[in-house]
Amino acid sequence: RSTLFPYTTSSDLVFDFSRMLEYKKAGYRTIFLTAGPEAWRQIETNFPQQGFDEIVGAGKLSSRYPGVENGTWGVGDAWMFKRAEEILKEADQKGEKLFIVMLSTANHPPHRVPDGVKVNPVSYKELPPFITDNRYDILTGSLETYQYAANALGGFVHDMRRGALKRELLIVATGDHNLRMSYAGGYAHHLHGVPILIWAPESLEADAGKVDVTRWAGHRDIFPTIAGVVLGRTPEIHEGRNLFANESMDLIVSYTGIAAGSWGAAEIRDNGSVTCYRWENDRMVPEDACTGLSKKMADAARAQRALADYKVRKGLLNEK
């Protein structure tokens with residue numbers, strides 16, 4: 001309890017901004033599946049309140065697969081993907097609509113590949129020059145666990161797309177920030193950058209082929225894209241973009257306050273101040289002032305962040 005929420009705790013509230021609720025209303029069974037512990041940040045208590053029918057984590061995975069190695073962050077990602085395949089096949093047999101959110105945990109310190117799995121040799125020397133980190137032991141370990149996690153994901157996608165299911169499957173994968181490495185100045189877009197991979201079913205291949213893969217995209221665009229494809233819903237302005245809709249807005253706003261597009265970039269701070277940047281090859285170079293299109297986009301980014309902030313605060317206060 002706190003002075004802000006004197007009568008309820010977060011686990012007592014159903015947040016209207018939860019993305020899972022609309023899928024439950026549409027008849028989907030919703031599962032949160034992670035290689036980490038179910039109790040981490042009270043996932044097993046809080047997430048069912050926000051639309052998840054079932055929580056599966058390291059505890060349940062360890063019970064289901066005897067001999068699984070438990071580490072600092074739970075079990076290996078391969079076990080999470082193994083369970084996901086089983087759940088998908090079971091739902092496919094039942095004709096059940098299913099939405100699974102998965103959280104990988106292998107690529108975290110102390111960066112140890114689980115279950116004695118052998119990975120291919122890695123070399124931190126192959127990293128791009130704007131990564132200035134010299135903690136070579138840590139870099140080597142993180143590259144090994146990244147390879148392990150990426151390979152586990154690749155195996156899952158390969159198995160699911162080679163005819164394992166009768167029905168179509170949309171798979172979206174992304175990653176976390178890279179704040180654990182040191183970067184040279186002017187490369188904040190790489191520091192905060194994430195991969196986004198979408199494997200579209202055959203019925204969407206024509207639309208997928210029209211997507212501009214050179215355009216900036218971000219985490220905010222993922223759920224609006226899924227909702228557009230699966231539910232036919234057009235996103236609200238603060239939510240992000242449906243990447244399959246080929247919207248013309250050349251703006252992505254990260255949760256860390258970096259806005260970017262072909263026009264340049266802007267850093268939006270919590271105190272309201274903004275710094276605009278121009279692109280010089282792959283580097284962000286600060287401008288003396290925000291003017292023209294850069295100012296227009298920075299103002300749009302600030303407005304989007306303010307709308308999203310209002311929506312979350314309104315939901316936290318449980319206002320109608």
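Which ones in the stretch 204-242 are touching a residue at least 24 places away in the same chain (Cβ under 8 Å), part of a helix (DSSP H, G or I) and farther than 22 Å from D299 by Cα? Answer for the stretch 204-242, where residues must be touching a residue at least 24 places away in the same chain (Cβ under 8 Å), part of a helix (DSSP H, G or I) and farther than 22 Å from D299 by Cα: L204, D207, A208, I222, F223, T225, I226, A227, V229, V230.
Against the conditions (1) closer than 20 Å to G218 by Cα; (2) in contact (Cβ under 8 Å) with a residue 60 or more places away in the chain, L317 satisfies every one except (1). For T34, the conditions (1) open to solvent by less than 70 Å² (accessible area, probe 1.4 Å); (2) modelled with pLDDT under 95 are fulfilled apart from (2). Does the stretch 161-169 contain any residue that is surrounded by 13 or more Cβ atoms within 10 Å (Cβ to Cβ), under 30 Å from H108 (Cα atoms) and over 20 Å from the mean Cα position of the chain (by Cα)? There is at least one residue in the stretch 161-169 that is surrounded by 13 or more Cβ atoms within 10 Å (Cβ to Cβ), under 30 Å from H108 (Cα atoms) and over 20 Å from the mean Cα position of the chain (by Cα). The residues of the stretch 276-286 that are at pLDDT 95 or above and either surrounded by 17 or more Cβ atoms within 10 Å (Cβ to Cβ) or over 22 Å from H219 (Cβ atoms) (or both), listed by number, are C276, Y277, R278, E280, R283, M284, V285, P286.
The set of residues in the stretch 153-171 that are among the charged types (D, E, K, R) and assigned to a helix (DSSP H, G or I) contains only D159. A residue that is over 30 Å from N281 (Cβ atoms), in a strand (DSSP E or B) and either over 17 Å from the mean Cα position of the chain (by Cα) or not aliphatic (A, V, I, L, M) (or both) occurs nowhere in the stretch 172-189. Can you confirm whether the stretch 134-152 contains a residue that is in a loop (DSSP other than H, G, I, E, B), small (G, A, S) and either surrounded by fewer than 13 Cβ atoms within 10 Å (Cβ to Cβ) or at negative phi (or both)? The answer is no; no qualifying residue exists. Looking only at the stretch 68-115, which residues are among the hydrophobic types (A, V, I, L, M, F, W, C) and part of a helix (DSSP H, G or I)? If the condition is that a residue be among the hydrophobic types (A, V, I, L, M, F, W, C) and part of a helix (DSSP H, G or I), then A78, W79, M80, F81, A84, I87, L88, A91 are the ones that fit. Taking first residues from the stretch 183-197 that are modelled with pLDDT of 90 or more and partners that are part of a loop (DSSP other than H, G, I, E, B), the Cβ contacts under 6 Å between residues at least 6 apart in sequence or on separate chains come to Y183/F130; A184/F130; A184/T132; Y187/F130; I196/A217. Scanning the stretch 37-52 for residues that are part of a loop (DSSP other than H, G, I, E, B) and surrounded by 15 or more Cβ atoms within 10 Å (Cβ to Cβ) turns up P37, E38, G51, F52. Scanning the stretch 58-67 for residues that are buried (at least 19 other Cβ atoms within 10 Å of the Cβ) and either free of Cβ contacts under 8 Å to residues at least 24 places away in the same chain or under 17 Å from F156 (Cβ atoms) (or both) returns a single hit, L61.
Take the conditions out of contact with any helix residue (DSSP H, G or I) (no Cβ under 9 Å at 6 or more places or on another chain), outside any loop (DSSP other than H, G, I, E, B) and more than 22 Å from S18 (Cβ to Cβ) and apply them to S248. Does it pass? So S248 fails the test.
For beta carbons closer than 6 Å, sequence separation of 6+ or different chains, a first residue in the stretch 84-108 that is without any contact (Cβ under 8 Å) to a residue 40 or more places away in the chain and more than 23 Å from A26 (Cα to Cα) and a second that is open to solvent by 30 Å² or more (accessible area, probe 1.4 Å) and part of a loop (DSSP other than H, G, I, E, B), the qualifying pairs are H108/W73. When each of A298, A308, A289 is tested for being without any contact (Cβ under 8 Å) to a residue 40 or more places away in the chain, open to solvent by less than 70 Å² (accessible area, probe 1.4 Å) and under 18 Å from V253 (Cα atoms), the lone residue that passes is A298.
The values are calculated or read from the model by the stated rules, or taken from the named source; none is laboratory data. Owing to the predicted nature of the structure, the values given are computational and were not obtained by experimental measurement. Methodologically, a virtual Cβ is constructed for each residue, glycine included, from the backbone with ideal geometry; neighbour enumeration extends over all protein chains shown. Side chains included, ligands, DNA and RNA excluded: accessible areas come from the protein's heavy atoms. Shrake-Rupley method; radii C 1.70, N 1.55, O 1.52, S 1.80 Å.
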